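A.B. asks: Let me begin by handing over the structure; questions about it come next.
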Amino acid sequence: MRNTTVAFVVRRLLQLVPVVLAIAAMNFLLIKMAPGDAADILAGQMGHATLEFTQQLRREFGLDLPLIEQFLIYMGRLLTLDLGVSFLQQQPVLDLILDRLPATLVLMVTAISLAGVLGVGLGVAAARRQGSWIDNLVSVSALIIYATPAFWLGLMLIVLFSIKLDLLPSGGMMQIGAGKTSLAYALDVARHLILPAATLGLFYVAIYTRLMRAAMLEVYGLDFITAARAKGLSEGVIAWTHALRNALLPVVTLAGVQIGHLLGGSVLVETVFGWPGLGRLVFDALLQRDLNLLLGILLVSSVVVVIANLIVDLLYGLLDPRIVHK
Amino acid sequence: MSVVLLVEGLSVHFRTTLGVVKAVDGLSFAIGEGETVAIVGESGSGKSTVALAALRLIPDPPGKVAGGRILFDGQDILTLPDAAIRAVRGRRIAMIFQDPMMALNPVYTVGRQIGEVLRLHLGLSKREVMAEVVELLRLVGVPAPEDRARQYPHNLSGGMRQRVMIAMALACRPKLLIADEPTTALDVTVQAQVLDLIQSLKDKLGMAVLLITHDLGIVAETAHRVIVMYAGRKVEEGSVARIFKDPRHPYTQGLLEAAKWEETEGALLREIPGVVPSPFDMPKGCSFAPRCFAALPRCQQEAPALQEIAPQRPVACFVAQGMRT
Amino acid sequence: MSFLRAFWLRFRNNRAAVGGAAVLALVVLLALIGPFIYPTDPFDMVGRPFMAPFGRYPLGTDVAGRDILAGILHGGRVSLLIGVMATLAATVVGVTVGALAGYYGGRIDDVLMRSTEFFLTIPSFVLAVVLVAIFSPTVVNITIAIAVVSWPSVARLARGEFITHRDRDYVLGCRAIGMPDWEIIVLQILPNALPPVIVVASLMVATAILTESGLSFLGLGDPNVVSWGYMIGVARTVLRVAWWMAAIPGAMILLTVLAINLVGEGLNDALNPRLKQR
């Protein structure tokens with residue numbers, strides 16, 4: 001069984017290659033389709049937007065070569081993990097991205113864990129008390145949160161917790177000078193993490209709660225639940241061991257599908273809270289119209305999605321013994 | 001012979017958007033120690049509902065036990081507190097279900113599911129449980145029980161899954177086994193094996209069995225007494241020998257006629273004409289009257305009550321009771 | 001009872017759905033005729049900045065002295081317009097692609113499925129951001145960008161439906177009498193495949209509105225129109241002193257999206273009734 005899992009992982013990672021190539025090709029197309037090119041932008045920045053200067057820049061950047069050649073050069077660079085240089089920050093794109101990636105991952109993992117635990121817990125609780133006021137409250141709350149724009153929710157939470165109640169920081173990842181010891185540092189980051197993670201996660205709490213509730217209700221209609229009752233098991237044991245594990249399956253599947261969505265959400269949430277991650281980098285790149293950076297982020301985030309999907313699939317395989325990774 | 005299960009006037013109603021369905025209506029019967037009592041009927045007769053009611057497993061909503069008592073070992077199942085009924089389920093009364101693939105949890109090993117009952121009711125340690133699970137699997141005839149215990153339901157064949165269900169049911173040596181259509185979902189060849197297994201284990205453990213089925217064949221082979229149900233009511237009861245030799249209720253007669261067809265080559269299937277009445281549109285009078293070849297005018301007006309036409313031979317039929325009009 | 005009538009009865013009995021429909025109708029009404037009744041240009045500076053609501057101007061003024069109510073009314077138009085048009089485009093493209101892939105299978109299916117997988121791997125919002133950033137933010141471009149990231153899920157759904165139906169007897173019957181493919185696809189299978197597509201499309205309008213507001217919030221909105229997301233973005237810097245400037249447009253988004261979701265789920269329940277009892 002171990003061998004097939006390893007083979008499965010390897011196969012999936014290999015599938016990354018054509019995806020990356022496709023995205024890279026798309027990136028290249030997008031660059032070329034954009035009005036104006038790198039030379040124009042740079043010349044404009046430098047304040048020397050004369051025709052000869054721009055032409056000279058073009059030659060330097062190789063932008064006057066035939067399209068096919070440019071494409072091959074581009075792909076070649078990609079193979080050496082060279083995503084180009086951010087026009088305006090004058091640093092390699094990949095470095096900038098890798099610098100910010102951990103912060104985003106921390107935010108995403110926290111948000112999804114929060115969403116998972118709360119969503120599953122609330123969903124099970126609501127399903128067990130179907131029709132009660134708890135069930136209705138949970139369902140209605142989930143509906144409302146699901147309809148709430150994440151960035152607006154973040155702002156409202158800032159108003160409440162940061163401005164009115166002054167309980168939590170309104171932005172950033174840490175306070176300057178707060179972390180002398182690594183524990184103090186961790187606590188400080190955690191304090192700053194609460195609101196953004198809650199904002200990003202709440203949307204998914206709503207989704208997982210509703211899905212979990214629906215899945216539990218469906219499982220409750222299956223014969224093996226009645227059989228479990230006939231064995232004398234209590235409702236609690238039935239809910240948390242027999243029903244839960246079966247109901248989790250569709251939820252885990254959905255979680256995988258939504259990783260891309262989560263990344264998109266982090267763009268907005270990180271911007272609202274000034275969280276120094278990839279999402280915030282997107283915003284900065286937008287402000288400066290830094291195309292190289294934007295496309296680099298697109299590429300890297302797609303890779304993250306593929307890897308995350310792989311992890312979710314493995315998790316699913318752990319939960320459901322009927323899946324055999326061939 | 002002491003009575004293990006005594007059902008008195010059991011009524012189970014289901015609330016639906018189209019009205020109230022009386023799935024079981026005033027049913028009474030008793031099962032003695034070591035006896036096998038079969039309840040036969042078509043689908044919709046209420047027989048499966050009786051099985052669920054005996055363990056108080058009727059889903060509420062939409063179902064509800066509307067009346068009656070179910071006495072097991074002197075206690076009324078229907079009024080026991082929650083903890084008490086849970087102590088009975090799986091331990092003193094056990095149940096096996098029709099489709100073993102659906103009745104087993106697909107994400108846990110069969111060993112774990114059998115072990116659950118042992119741990120819950122007998123408080124055995126982990127090692128004791130593992131040993132006992134293997135023994136139980138051996139007892140029900142599963143080859144290589146140590147390996148099988150670690151497998152999942154989808155790894156096993158249908159017959160083997162049913163054996164696992166039986167092992168699960170017998171783990172705590174219950175006094176009463178309720179078997180709800182235990183062979184319906186199995187291949188014909190496997191059916192006989194499973195029936196034999198139930199028989200031998202029953203004798204070995206001194207269990208009583210409540211057998212729910214629509215298959216008269218297995219009734220003839222395994223049961224002592226049989227109860228015939230139609231549209232939620234008991235219409236005839238008696239020992240297997242006498243019912244099969246001398247059925248009195250026209251419905252029972254029809255069932256036996258249809259069953260005989262399987263044995264006679266080239267014979268035409270003598271079906272009972274018509275269909276089971278819709279529970280929302282029960283006929284006035286005897287519920288079987290519209291389909292009955294012997295119906296009297298009286299049958300359309302009045303519903304016949306159960307009457308013993310011979311000792312321990314109750315029949316709910318005016319014709320059987322000797323009426324001519 | 002005809003299908004439509006049964007559907008209508010089921011929908012009507014769903015109080016949440018009807019409530020949602022009522023709210024939605026109200027929002028649409030506001031968006032359509034609001035700017036006629038209250039003709040202030042949302043870009044006009046009408047008064048002092050930071051005026052609170054319930055004063056001279058019903059919802060107050062923003063950081064530049066612009067009328068917030070005018071912004072809400074005009075913003076409603078923009079959001080609804082983009083939401084509906086983007087969804088329409090995505091649905092048309094998605095159903096076409098999905099129908100062809102599902103009905104013909106084989107090579108066409110492979111190619112089409114690869115492309116939807118591709119789109120589903122890329123984080124859709126990030127892609128939308130990139131597209132709008134590259135091609136400059138206009139209402140048309142935003143609509144196209146949202147449509148581009150949305151069509152794959154419709155295509156997947158449509159494909160599934162077409163695969164299910166192409167092997168059904170009624171289709172085989174049509175083929176047996178020599179009906180041309182396009183007629184089978186459009187006149188026979190499509191009406192049967194539409195109900196789930198309609199449900200998904202209606203929910204997609206809500207998602208499109210959320211995406212559009214997210215884009216405007218980030219500054220990628222069309223600079224010539226006021227949209228609710230833009231208003232929130234502008235209000236972000238003054239949260240401390242005038243939090244209502246961000247709260248009001250956001251509440252409108254919430255209300256509209258919630259209403260659409262309720263209607264969409266009502267449609268789902270009405271079109272696919274599940275047997276509640278055995």
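Bear in mind these aren't lab numbers, they're just calculated from the coordinates by the rules spelled out. Quick caveat, the model's predicted, so the values are computed rather than measured. Please note: Cβ atoms are built from the backbone with ideal geometry, for glycine as well, and neighbour counts cover all protein chains shown.
A.B. asks: Of B:152, B:123, B:109, which is farthest towards the positive pole of the stretch B:82-175's charge dipole, taken about the Cα centre with +1 and -1 on the beta-carbons of Lys, Arg and Asp, Glu respectively?
C.D. replies: It is B:123.
A.B. asks: Quick one: order B:286, C:174 by neighbouring beta-carbon count within 10 Å, fewest to most.
C.D. replies: C:174, B:286
A.B. asks: Run the dipole for chain C about the Cα centre, Lys and Arg Cβ at +1, Asp and Glu Cβ at -1, nothing else charged, and hand back the magnitude in debye, nearest 20.
C.D. replies: 760 debye
A.B. asks: Now, a different point. Using +1 at the C-beta of Lys and Arg and -1 at the C-beta of Asp and Glu, which of C:132, C:23, C:150 has the Cα lying farthest in the positive direction of the dipole of chain C?
C.D. replies: C:23
A.B. asks: With +1 assigned to the C-beta of every Lys and Arg and -1 to the C-beta of every Asp and Glu, and no other charges, what is the dipole magnitude of the protein assembly as shown about the Cα centre in debye, to the nearest 20?
C.D. replies: That gives a dipole near 1900 debye.
A.B. asks: Once you keep just the Cα pairs under 8 angstrom separated by 6 or more residues, what percentage relative contact order results for chain B?
C.D. replies: Taking the mean separation of contacting Cα pairs over the length of chain B, I get 20 percent.
A.B. asks: Quantify how strongly other chains surround peptide C:182-188 by giving the mean number of their Cβ atoms within 10 Å of each of its Cβ atoms.
C.D. replies: Mean partner shielding for this stretch: 0.
A.B. asks: Now a separate question. Counting pairs of alpha carbon atoms under 8 Å apart in space and at least six apart in sequence, what relative contact order in percent does chain A give?
C.D. replies: The value is 24 percent.
A.B. asks: Please give the charge dipole size of chain A, origin at the Cα centre, charges +1 on K and R Cβ atoms and -1 on D and E Cβ atoms. Round to the nearest 20 debye.
C.D. replies: Charge dipole, chain A, about its Cα centre: 1200 debye, nearest 20.
A.B. asks: Is there a simple number for the mean count of other chain Cβ atoms within 10 Å of the Cβ of residues in B:96-106, and what is it?
C.D. replies: Whole-number average of other-chain Cβ neighbours for B:96-106 is 5.
A.B. asks: Let me ask another. Out of the stretch B:267-325, which chymotrypsin sites (Phe, Trp or Tyr not before Pro) are coil in DSSP terms and have no more than 12 other C-beta atoms within 10 Å?
C.D. replies: B:280, B:293
A.B. asks: Report the far tail of the P(r) of chain B, meaning the percent of Cα-Cα pairs longer than 26 Å.
C.D. replies: The calculated P(r) of chain B puts 50 percent of pairs beyond 26 Å.
A.B. asks: Name the most mobile residue of B:212, B:96, B:58, meaning the one with the largest mean-square fluctuation, in a Gaussian network model of chain B with Cα contacts below 10 Å.
C.D. replies: So, out of B:212, B:96, B:58, the one fluctuating most is B:58.
A.B. asks: Next up: Along its principal axes, what span do the Cα atoms of the protein assembly as shown show, with the longest given first and each in whole Å?
C.D. replies: That works out to 116, 68, 64 Å along the principal axes.
A.B. asks: With everything on Cα atoms, drop me the angle between helix C:68-104 and the longest principal axis of chain C, reported from 0 to 90° to the nearest 10.
C.D. replies: Long axis of C:68-104 versus the principal axis of chain C: about 20 degrees.
A.B. asks: Could you work out the longest stretch of chain B that avoids the GluC sites (Glu not before Pro) located in DSSP loops with at most 11 other Cβ atoms within 10 Å?
C.D. replies: Here the longest segment lacking exposed loop sites spans B:1-261.
A.B. asks: Which value in nm describes the separation of the simple spin-label points at residue B:82 and residue A:75, placed 7 Å from the Cα toward the beta carbon?
C.D. replies: So the label points at residue B:82 and residue A:75 sit 6.5 nm apart.
A.B. asks: If you don't mind, there's one more thing I want to ask. Give me A:271, A:4, B:17, A:241 sorted ascending by neighbouring Cβ count inside 10 Å, so fewest comes first.
C.D. replies: Ranked by crowding around the Cβ, least crowded first: B:17, A:4, A:241, A:271.
A.B. asks: What are the chymotrypsin sites (Phe, Trp or Tyr not before Pro) within the stretch C:54-160 that DSSP puts in a loop, where the Cβ has at most 14 other Cβ atoms within 10 Å?
C.D. replies: C:54
A.B. asks: Would you mind pulling out the separation of the Cα centroids of the stretch C:161-228 and the stretch A:263-289, in Å?
C.D. replies: 32 Å
A.B. asks: Could you tell me the relative contact order of the stretch C:82-160? Use alpha-carbon pairs under 8 Å, at least six residues apart, and round to a whole percent.
C.D. replies: Dividing the mean separation by the residue count of the stretch C:82-160 yields 56 percent.
A.B. asks: Okay, moving on. Mind checking the mean number of beta-carbon atoms from other chains within 10 Å of the Cβ atoms in A:155-161?
C.D. replies: Partner-chain Cβ atoms within 10 Å, mean over residues of A:155-161: 4.
A.B. asks: Grab the beta carbon distance between residue B:305 and residue C:2, set R0 = 45 Å, and tell me the FRET efficiency rounded to 0.05.
C.D. replies: Here the calculated transfer efficiency is 0.45.
A.B. asks: Okay, next question. Quick one: which of B:234/B:284; A:231/B:234; B:175/B:234 span more than 20 angstrom between C-alpha atoms?
C.D. replies: Too far apart for the 20 Å limit: A:231/B:234; B:175/B:234.
A.B. asks: Here's another thing I want to ask about it. Got a sec? Charge dipole of chain C, +1 on Cβ for Lys and Arg, -1 for Asp and Glu; which of C:238, C:261, C:111 is way out at the positive end?
C.D. replies: C:261
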